[in-house]
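First the structure, in the form of structure tokens, and then the observations on it.
Derivation of every value follows stated rules applied to the coordinates shown; laboratory data play no part. Since this is a predicted model, take the numbers as computed values, not measurements. All Cβ positions, glycine included, derive from the backbone under ideal geometry; neighbour counts span all protein chains shown.
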Amino acid sequence: MKFRIGLAVCGLLAMLSGCAALQQGQAFAKCKFAISKLHQMNLAGMDVDNLKSVNDMNLLQAGKVAATYASGKLPLSVTANLNIQNPNASMAALNKLDWILEIDGTDVLEGTSNERVEIAPNSSTEMPLTVSMDLRKIFKGKKLDYVKEFSSDILKNREGSERFAVKVKPYFNFLGAQIPYPGYIRLTKILKKE
């Protein structure tokens, strides 16, 4: 008898947690996403966060970029903060996020964040995505002028470049299963600071 009561209580708890997860997932479907900022930019092992243009590099920095490029690679890492706004009266949550980095309309890199994110009702939160790539591979076959123009555009337009987009696909848990959002949400607009 005690076993049946314990089993019934466990079943009820599983159902209630499943309902809470479903409610959080439904609330999440109504959330709004935007890129709030690009920061922690590192090119060829150098911090370039303060540069506004490729022309702002000093001779030593330019030499390091050229030497790294000549070695067959040009590593860039950048953190894109995703702003997730929850306009709902209930908590929204995600358990996983697939993302794709897009440059000039071409998917160049993808990854997954397995960090659980909870967004309180009628509030927003920041979710950092750190992306590392080899620009030499991405720009293979492109002319040097294109690479220089693209780099300058990203450096000076950290608050809104149409050349750079992040596509995201959130997941939430329901009864132990990862339920994906249907399709990707494409983020190109960067929130303007007021």
Within region 67-123, residues being of a type in the set (Val, Ile, Thr), touching a residue at least 40 places away in the same chain (Cβ under 8 Å) and either in a loop (DSSP other than H, G, I, E, B) or closer than 18 Å to Phe164 by Cα (or both) number 4
Quick count over region 84-102, residues being touching a Lys or Arg at 6+ places or on another chain (Cβ under 9 Å) and more than 16 Å from Tyr184 (Cα to Cα), is 6
